[in-house]
1. Rounded to two decimal places and with Rh computed the Kirkwood way over Cα pairs, what is Rg over Rh for the stretch 28-158?
2. Would you kindly calculate the translational diffusion coefficient of the stretch 175-250, applying Stokes-Einstein with the Kirkwood radius from alpha carbon pairs, for 25 °C and a viscosity of 0.890 mPa s, and quote it in µm² s⁻¹ without decimals?
3. Label-point separation (nm) for THR86 and ARG259, each offset 7 Å from Cα along Cα-to-Cβ?
4. Can you put HIS48, HIS243 in order, fewest other beta carbons within 10 Å first?
5. Kindly put THR86, THR175 in sequence by how many other C-beta atoms sit within 10 Å of each C-beta, fewest to most.
6. Report the FRET efficiency, 1/(1 + (r/R0)^6), for ARG275 and GLU152, where r is their Cβ-Cβ distance and R0 is 45 Å, rounded to 0.05.
7. Would you kindly calculate the mean projected area, averaged across all directions, of the convex hull enclosing the Cα atoms of the stretch 40-101, in square nanometres?
8. Nearest 20 debye, what's the magnitude of the dipole of the stretch 169-275 about its Cα centre given +1 on Lys and Arg Cβ and -1 on Asp and Glu Cβ?
Amino acid sequence: MQTSDPRPTGRDAVPDHPDPAVPTALPAEFVRYAVALDALELAWGYLHARLTAEDTVELAFLRRCDLGADGIAFERIHKAGAGVATGETAELDAVCREVADAGEDGIGDGNGNGNGGEGDPGRIWEYLAGCRRADRGDRTVPEAQLAAGRAEFLLDRAVPGRGMNWQEDSALLGTDRPEEVDAAFARGAERVGVAVIGLALTHPHPEAILPRVARALEQALAMGDAGLRHQGIIALAHTARLHGTVDARCLELLRRCPRDTEADMDVWACVPRRRLPWWLWWHRIVARRWRAVWRRAVRWRTRRRD
């Protein structure tokens, strides 16, 4: 049976000056970076027109990847959205109602956390709508309200690691919230370097990536941790290649690392040369040429002796 979806369509259905009394759909690209959703909140948001069917399925997929085997409910929602592209939403509606009912009855949030029934899942959507309005210049949204929502729905979930599955490298390579990485550094998470690489691969803004790359390199150099240093170098190489930029702090830390790394090569190849320091110019041009001359001289002398 095919059902019609009354929710707004399109990637960005929020008008410039929305009526606070009328629910509006928020784009997945906004929600994914702003909060760490649980399954009950995602299902509630879809059923109450805070998300389109397409964005609900996309967010379910992303959170399923974040949590791995613990993302059971997200996996169900994602699979139920298989027919959304052709306008079939009946299965998605049914699964979201099941997840929402289970959570509101206190059975759990569908992720194995057993925290269903705590609080109102609609509150996170009120916070997100306020964030969206504030981003668009609406100064009527109280700063204290935004700060409290960010603390509750993102930071408080990042500190104990609830936002990501910190046991699997494959999940951490999808890290897209800088706050998750900050919390991992603070609690000394073993795979924080993998998360920094994931952030470099997924986050759209280098200004959110580079400070975490620098923190990884700084910590690795201070502790003599070759593994974390290599992960920081890989993250810096990805950032330079994908965004064509680097900052002064990362360059200074890179200078203290071994030469001819992935970061050396990608920074030299992808960042405008006028922004690069003298030592990298010297190493990539002068030193390499002298080494090449020296190798030729050694080969010539070896042949003469033979």
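The numbers here are math on the coordinates, done by the rules we state, and not lab data. Just so we're clear, the structure is a prediction, and the values are computed from it rather than from any experiment. Cβ: placed from backbone, ideal geometry, glycine included. Neighbour counts: every protein chain shown.
1. 0.97
2. After rounding, the answer is 207 µm²/s.
3. Computed distance between label sites THR86 and ARG259 equals 6.1 nm.
4. Ranking HIS48, HIS243 by Cβ neighbours within 10 Å, fewest first, gives HIS48, HIS243.
5. Least crowded to most crowded, the residues run THR86, THR175.
6. Given R0 = 45 Å and the Cβ-Cβ separation, E is 0.70.
7. Across all orientations, the stretch 40-101 yields a mean hull projection of 3.6 nm².
8. It comes to approximately 360 debye.
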